[in-house]
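Chemist: Before I ask anything, let me first share the structure, which is written out below as structure tokens.
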Amino acid sequence: MTDPSIWGIMAQKGYSRRDFLQFCTYAAALSGLQSNAVAEVAQQFTTKPRPPVVWLHFQECTCCSESFIRASHPIVADVLLDTLSLDYTETLQAAAGHQAEACLHETMRDHHGDYILLVEGSVPMSADGVYCTIGGRSAEDILKEAAEGAAAIVAWGSCASNGCIQAARPNPTNATPIHKILNRPVINVPGCPPIADVMTGVVTHLLVYGRAPELDSRGRPRSFYGRRVHDTCYRRPYYDAGLFVASWDDENARRGYCLYKMGCRGPVTYNACGVTKWNEGTSFPIQSGHGCIGCSEAGFWDNGPFYQHLAAFPGFGIEATADKVGTVATVATAGALGAHAVWTNVRKHKAIKATIDESVNVTSDS
């Protein structure tokens with residue numbers, strides 16, 4: 001008997017055709033597909049059998065699973081629990097012990113070459129893998145066995161993608177990311193945790209096209225990890241104008257100035273936080289008043305104190321002189337930006353300051 005399609009499962013659960021098409025639109029948008037691709041998504045979700053999924057958990061805190069089931073679209077939880085035919089996951093499955101292991105091996109045997117392998121957590125390679133064992137077997141053995149027959153492999157979160165805190169110095173367990181263990185392509189979706197809607201977008205792309213989305217040099221989906229947080233941050237104009245928060249909860253913080261001097265790693269962090277926000281699109285960490293800690297970048301735990309800003313970073317000359325609040329300097333960026341860029345930033349600075357002063361005066365007069 002062929003497994004029902006995604007639409008078939010949704011219909012059984014009481015969703016209307018309208019709900020289904022709204023979900024297809026949502027999924028297509030998250031995957032970076034054009035609006036005219038919604039029909040293709042709907043066609044695939046209507047006709048293709050739901051793919052079996054094996055979700056492994058190793059050295060991690062389960063925050064990736066928690067993130068995914070709290071995606072902004074209400075159907076996403078059903079995508080995880082039912083629509084994708086989640087055949088094995090140590091965190092969410094009802095079965096335990098020998099029954100759970102039987103589910104895993106049955107899926108790998110009956111759906112060899114067709115199932116999607118999702119991996120959460122790093123793999124300890126020291127002491128023959130004794131630091132993480134399941135059913136008496138090491139995480140490394142389980143991973144290699146499951147990966148052998150998988151149609152696609154996704155490393156959820158920074159633990160699986162780059163080792164995260166387990167791999168921080170001195171890394172006593174020799175925690176290792178998935179792509180350094182397997183001799184085949186792995187889709188890395190880093191973040192601690194990754195954004196739920198990004199996870200949904202990656203899965204949607206696999207379902208619709210049967211292959212990985214376009215990846216960057218680090219195996220990350222380019223549509224979600226192609227720009228720095230700095231490039232899409234709503235505080236960026238303050239940065240360009242040289243207006244920074246100097247201490248927590250000072251007047252500049254209340255005005256929403258740039259958090260770069262407070263250690264924000266947005267300028268060196270590639271992620272979609274600024275455009276694909278958390279909590280149903282409500283906000284992202286910087287909007288809560290805390291700088292980006294760079295959780296989607298490899299080695300972020302070892303990249304110095306979170307509240308010590310970077311002295312400089314490539315791409316923009318102004319970053320090198322951010323210590324001098326209000327001073328805007330320009331250095332070569334594949335050539336020279338020239339005096340015009342300097343004057344533009346100076347004018348931005350004056351304009352913002354003038355707006356603030358005017359606002360203060362109006363408030364005082366009233």
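The values are calculated or read from the model by the stated rules, or taken from the named source; none is laboratory data. Just so you know, these numbers come straight off a predicted model, no measurement behind them. Neighbour counts are summed over all protein chains in view; Cβ atoms, including those assigned to glycine, are modelled from backbone coordinates with ideal geometry.
Chemist: Would you call ARG227 charged (D, E, K, R), within 16 Å of GLY191 (Cβ to Cβ) and touching a residue at least 12 places away in the same chain (Cβ under 8 Å)?
Modeler: yes
Chemist: Does the stretch 205-216 contain at least one residue that is in contact (Cβ under 8 Å) with a residue 12 or more places away in the chain, in a strand (DSSP E or B) and surrounded by 23 or more Cβ atoms within 10 Å (Cβ to Cβ)?
Modeler: no
Chemist: So, one more: Can you name the condition, by its number, that HIS179 falls short on among (1) modelled with pLDDT under 95; (2) surrounded by fewer than 23 Cβ atoms within 10 Å (Cβ to Cβ)?
Modeler: Just one mismatch for HIS179, condition (1).
Chemist: Give the residues of the stretch 122-145 that are at positive phi and surrounded by 19 or more Cβ atoms within 10 Å (Cβ to Cβ), sorted by residue number.
Modeler: GLY129
Chemist: Residues GLY201, GLY219, GLY191, GLY242: which one is closer than 21 Å to ALA151 by Cβ, modelled with pLDDT of 90 or more and crowded, with 18+ Cβ neighbours inside 10 Å? Steps first, please.
Modeler: Details: GLY201 fails: modelled with pLDDT of 90 or more; GLY191 fails: closer than 21 Å to ALA151 by Cβ; GLY242 fails: closer than 21 Å to ALA151 by Cβ.
Within the list GLY201, GLY219, GLY191, GLY242, the selection yields GLY219.
Chemist: While we're here: Which number in (1) buried (at least 23 other Cβ atoms within 10 Å of the Cβ); (2) farther than 30 Å from ALA127 by Cα; (3) in contact with a strand residue (DSSP E or B) (Cβ under 7 Å, 6 or more places away or on another chain) marks the one condition that HIS230 misses?
Modeler: Every listed condition holds for HIS230 apart from (3).
Chemist: Report yes if GLY294 is at pLDDT below 90 and surrounded by 15 or more Cβ atoms within 10 Å (Cβ to Cβ), otherwise no.
Modeler: No.
Chemist: Among the residues in the stretch 248-266, are any within 15 Å of the chain's Cα centre (by Cα) and either assigned by TED's automatic domain parsing to the domain that holds GLU66 or part of a helix (DSSP H, G or I) (or both)?
Modeler: yes
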